[in-house]
Amino acid sequence: MFLLKLIGVDEKLREVKVRVDTEDDLWVIYNLLSGGDVIKAKTSRELKTRSGSRRKPMTLAVKAERFELQPFTSRLRVHGIIVEGPKELDLVGQRHTLSLDVGREFTIRREEGWSEAELGRIREAVRRSTARVLIVGVDDEEVCIAFLRDYGVEKVAELRVSLPGKMYQEDRERILMVKMAEAARMVEEACERFKADALVLAGPGFVKEALKEALKGLKDVSVYLEDASTGGLKGVYEAIKRGVVTRIVKDYSLVEEERLMEEFMSKLAADERLVAYGLGHVETCINAGAVGKLMVISELLRAEDQELRLKVENLVRMAEGRRARVKIFSSLHDTYHWLKSLGGIAAILRYPVEPPKHTVQPGGGKAFRRL
């Protein structure tokens with residue numbers, strides 16, 4: 001399961017279709033787009049009528065002239081000329097602005113085609129944002145364990161449960177315990193095999209709770225309980241339709257933020273020369289090629305101050321060019337406020353760099369002075 005999703009590449013039409021699920025994705029797309037690209041997406045447009053005006057939803061293709069990450073919002077705006085739209089509205093040639101925000105799908109067409117390097121950037125962004133998810137559809141009849149891949153669901157294992165009727169309560173409880181213990185072993189083996197980050201137990205009633213209780217050997221796997229009307233493979237698909245994957249995407253991004261924060265604080269405690277924070281210090285380390293992981297709050301990339309925004313954008317591009325892992329903190333969780341207290345930008349370094357003397361507030365705590 002992927003945050004940034006490359007839905008398809010049509011070499012004949014010179015199109016790529018993507019879905020963005022985080023602000024990291026918007027940043028990748030923002031840096032990928034060029035003037036002259038044709039972006040096709042769902043949008044709305046105000047239409048004048050005899051009685052006034054109204055906004056009408058529609059799908060438009062716009063030949064892009066310029067792009068901007070809009071200040072104060074998680075939105076990429078594409079300004080350009082309409083080249084394709086509903087024929088009855090005769091909009092071709094008129095100006096329009098597409099707003100591409102988190103959760104949107106759209107296509108990008110490049111007339112000269114896509115280079116392998118450009119497609120590689122998208123695939124690399126997809127690879128780096130991969131969350132490995134197992135979904136288990138479970139009820140009193142069957143258990144189905146499935147792995148969520150970018151192209152769909154891969155069935156991993158199945159188990160028949162077939163509990164006796166409720167009038168045989170004692171036998172029912174005994175068989176349930178035996179079957180859930182067996183299912184738990186299968187689930188734990190699948191989690192280890194696929195190195196799962198998240199596990200969803202989906203189904204009706206109490207059986208999914210019984211399975212959760214039977215799971216004893218899980219480590220570093222987030223467990224989600226999801227109501228579904230049935231178990232088995234149908235329960236797996238029902239859980240996906242109910243939006244559990246979207247919740248995992250948000251949680252996964254937050255977990256990544258927390259891990260980076262913990263790594264930063266650990267490095268800082270061990271040797272302050274292994275981290276950098278604040279615009280000037282981070283810029284020095286990026287120029288030296290010392291940055292291994294760069295953290296930036298989304299607020300800086302959407303800053304109303306154009307000079308500041310462009311400076312931060314340039315630093316992020318430089319870091320990416322030197323193969324640093326870039327994470328844009330976009331949540332309003334404690335991690336976001338922690339990074340903001342460090343000036344909104346921080347880095348974990350590949351090797352020690354002597355820090356400048358300045359005062360900051362790591363973690364939002366009492367200010368201290370580096371000597």
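The values are calculated or read from the model by the stated rules, or taken from the named source; none is laboratory data. If you're wondering where the values come from, they're calculated on a predicted model, not measured in any experiment. Because the Cβ atoms are built from the backbone with ideal geometry, glycine has one as well, and the counts that use them run over all protein chains shown.
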Response to the item:
In the set LEU260, LEU279, LEU274, the lone residue that is surrounded by fewer than 20 Cβ atoms within 10 Å (Cβ to Cβ) and among the aliphatic types (A, V, I, L, M) is LEU279
Practice prompt. Would you list the strands (runs of 3 or more DSSP E) that sit entirely within the range 220-339 and hold 1 or more residues that are closer than 30 Å to VAL153 by Cα and assigned by TED's automatic domain parsing to the domain that holds GLU209?
Written response: 222-227
Worksheet item: So which residues in the range 356-371 are in contact with a helix residue (DSSP H, G or I) (Cβ under 6 Å, 6 or more places away or on another chain) and either modelled with pLDDT of 85 or more or over 16 Å from LEU279 (Cα atoms) (or both)?
Response: GLY363, GLY364
Discussion item. List pairs: first residue in the range 340-356 and free of Cβ contacts under 8 Å to residues at least 40 places away in the same chain, second residue of a type in the set (Gly, Ala, Ser) anywhere in the structure, Cβ distance under 6 angstrom, at least six positions apart or on different chains.
Written reply: SER341/GLY364
Item to complete: Run ALA228 past the list (1) buried (at least 22 other Cβ atoms within 10 Å of the Cβ); (2) farther than 20 Å from ILE248 by Cα and report the number of the one that doesn't hold.
Response: (2)
